Amino acid sequence: LHQLHLIGDSRSDLYRLVATRLKRARIDLVAGGEKVPQLTLGGIQIVNQVVSVDSRSQAVEYNMQFTTEYSITVPDHEPQKFTASFSRNFLNKSSEALASSREQEQRTREMQEQTADLILIQLSRVTF
């Protein structure tokens, strides 16, 4: 794989992470064409669920579920669809709202980086 057409929200962090990793892997990002494979990045869904509560029924710990879908299409072949899903637990520090918010942002960034790594691994394994 030497060329690839990357489709997705070019302003998203995940798109930029994937594009950077592809370029590092010496894959040229090109405009679409008849014979150019495509990688399509779907939207990201993040869901926070309460894992534990304290004696006052206040949320103490959350589980953040990160999910996105992507597909790889090579000319003359059916698209191959994949889902990347990761989860992380984090504490709800209500007295430290800013720190808790930053922790969530950091966890989201980590999961986006993991997803970008997973996409490149998957690209190297795709067979048609």
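Can you name every residue in the range 87-108 that is charged (D, E, K, R) and modelled with pLDDT under 85? Explain how you work it out, then say what you get.
Initial filter on the range 87-108 (charged (D, E, K, R)): 88, 93, 96, 102-103, 105, 107.
Those that are charged (D, E, K, R) and modelled with pLDDT under 85: LYS93, GLU96, ARG102, GLU103.
Would you confirm whether any residue within the range 96-117 is surrounded by fewer than 16 Cβ atoms within 10 Å (Cβ to Cβ), part of a strand (DSSP E or B) and of a type outside the set (Gly, Ala, Ser)?
Checked against the condition, which is being surrounded by fewer than 16 Cβ atoms within 10 Å (Cβ to Cβ), part of a strand (DSSP E or B) and of a type outside the set (Gly, Ala, Ser), the range 96-117 yields no hits at all.
Tally time: how many residues in the range 2-25 are under 28 Å from PHE66 (Cα atoms), in a loop (DSSP other than H, G, I, E, B) and open to solvent by 60 Å² or more (accessible area, probe 1.4 Å)?
Taking the range 2-25 as the starting set, the residues that turn out to be under 28 Å from PHE66 (Cα atoms) are 4-25.
Next, only the ones that are in a loop (DSSP other than H, G, I, E, B) stay: 8-12, 25.
Within this subset, residues satisfying the condition of being open to solvent by 60 Å² or more (accessible area, probe 1.4 Å) are 9-11.
The number of residues fulfilling the criteria is 3.
Give me a count of the residues in the range 13-62 that are farther than 21 Å from ILE119 by Cα and among the polar types (S, T, N, Q).
6
Going by the structure shown, is LYS93 surrounded by 11 or more Cβ atoms within 10 Å (Cβ to Cβ), among the basic types (Lys, Arg) and closer than 17 Å to ILE121 by Cα?
Details: surrounded by 11 or more Cβ atoms within 10 Å (Cβ to Cβ): yes; among the basic types (Lys, Arg): yes; closer than 17 Å to ILE121 by Cα: no.
No: the conditions fail for LYS93.
Answer with yes or no whether ALA84 is small (Gly, Ala, Ser) and either modelled with pLDDT of 95 or more or touching an Asp or Glu at 6+ places or on another chain (Cβ under 8 Å) (or both).
Details: small (Gly, Ala, Ser): yes; either modelled with pLDDT of 95 or more or touching an Asp or Glu at 6+ places or on another chain (Cβ under 8 Å) (or both): yes.
So ALA84 fits the description; yes.
Of the conditions (1) within 30 Å of HIS2 (Cα to Cα); (2) open to solvent by less than 50 Å² (accessible area, probe 1.4 Å); (3) not in a loop (DSSP other than H, G, I, E, B), PRO75 satisfies every one except a single condition; which number is it?
The number of the failed condition is (3).
Pick out the one residue from GLU103, GLU34 that is acidic (Asp, Glu) and more than 20 Å from VAL126 (Cβ to Cβ). Quick ask: steps written out before the conclusion?
Values: GLU34 fails: more than 20 Å from VAL126 (Cβ to Cβ).
Criteria check complete, one pass: GLU103.
Within the range 40-50, does at least one residue satisfy the condition of being assigned to a strand (DSSP E or B), at pLDDT 95 or above, open to solvent by 30 Å² or more (accessible area, probe 1.4 Å) and more than 22 Å from GLU105 (Cβ to Cβ)?
yes
Condition check ((1) out of contact with any strand residue (DSSP E or B) (no Cβ under 8 Å at 6 or more places or on another chain); (2) of a type outside the set (Gly, Ala, Ser); (3) farther than 15 Å from LEU1 by Cα; (4) in contact (Cβ under 8 Å) with a residue 60 or more places away in the chain) across all residues:
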| residue | (1), (2), (3), (4) |
| --- | --- |
| ILE46 | no, yes, yes, yes |
| GLN49 | no, yes, yes, no |
| GLN58 | yes, yes, yes, no |
| MET64 | no, yes, yes, no |
| LYS81 | no, yes, yes, no |
| ALA84 | no, no, yes, no |
| MET111 | no, yes, yes, no |
| LEU118 | no, yes, yes, no |
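Is it the case that ALA25 is touching a residue at least 60 places away in the same chain (Cβ under 8 Å) and under 18 Å from LEU123 (Cβ atoms)? It would help to see each step written out before you state the result.
Working: touching a residue at least 60 places away in the same chain (Cβ under 8 Å): yes; under 18 Å from LEU123 (Cβ atoms): yes.
Yes, satisfied.
The values are calculated or read from the model by the stated rules, or taken from the named source; none is laboratory data. Keep in mind that this is a model prediction, so the values were computed, not measured. A quick note on method: Cβ atoms are made from the backbone with ideal geometry, for glycine too, and the neighbour counts reach across all protein chains shown. The area values use the complete protein model at the heavy-atom level, side chains included, leaving out ligands, DNA and RNA. Shrake-Rupley method; radii C 1.70, N 1.55, O 1.52, S 1.80 Å.
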